[in-house]
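Okay, structure first, notes after.
FYI, it's all coordinate maths here, none of it is from the lab. None of these values were measured; they are calculated from a predicted model.
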C-alpha cells in the first residue's frame, strides 16, 4: 500500500469551489483500479484547511492517478484557490499487513 496525506489550505473566498472540485475529483478517483480509498476531510475549527487521505494499492498507482483527466482538471481548477504550498507526506502500511482492501 502507498498512502498519502495531503494538507491544503484554501483561500477563504474559494472554500466552496475548492470543496466542489475536490469532491468531483475524489468521486472519479475511487473508480480507478489502483485506488483503495480517497478521503476528503475539512478541518472542523478552520474550514479553509483540508486533508486528502489517498490510499493506493502500489506507488505506481499514484503516478497513474496523476495522469488521469479528472486529476488534471482538478489540479488546474484549484491552482489559484490555495494559500501556500500543499504539504504531502507519503506513508506505507505496516498494520494490518493485509487489510483486505
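One table, with the values for the structure above:
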| item | result |
| --- | --- |
| Listed residues 22, 73, 82, most fluctuating in the chain (Gaussian network, C-alpha, under 10 Å) | 73 |
| Stretch gain in nm, segment residue 7-residue 51, where the contour uses 0.36 nm per residue and the Cα spacing is subtracted | 15.4 nm |
| Listed residues 90, 80, 45, most fluctuating in the chain (Gaussian network, C-alpha, under 10 Å) | 45 |
| Percent RCO, i.e. relative contact order, over the chain, from Cα pairs under 8 Å lying at least 6 residues apart | 44 |
| Normalised convex hull volume, the chain, alpha-carbon set, Å³ per residue | 100 |
| Value of [θ]222 nm, deg cm²/dmol, for the chain, DSSP H segments ≥ 4, -39500 (n - 2.57) each, nearest 500 | -9500 deg cm²/dmol |
| The chain: angle of helix 15-29 to the longest principal axis, Cα-based, in degrees nearest 10 | 20 |
| On Cα atoms only, tilt of 69-78 relative to the major axis of the chain in degrees | 30 |
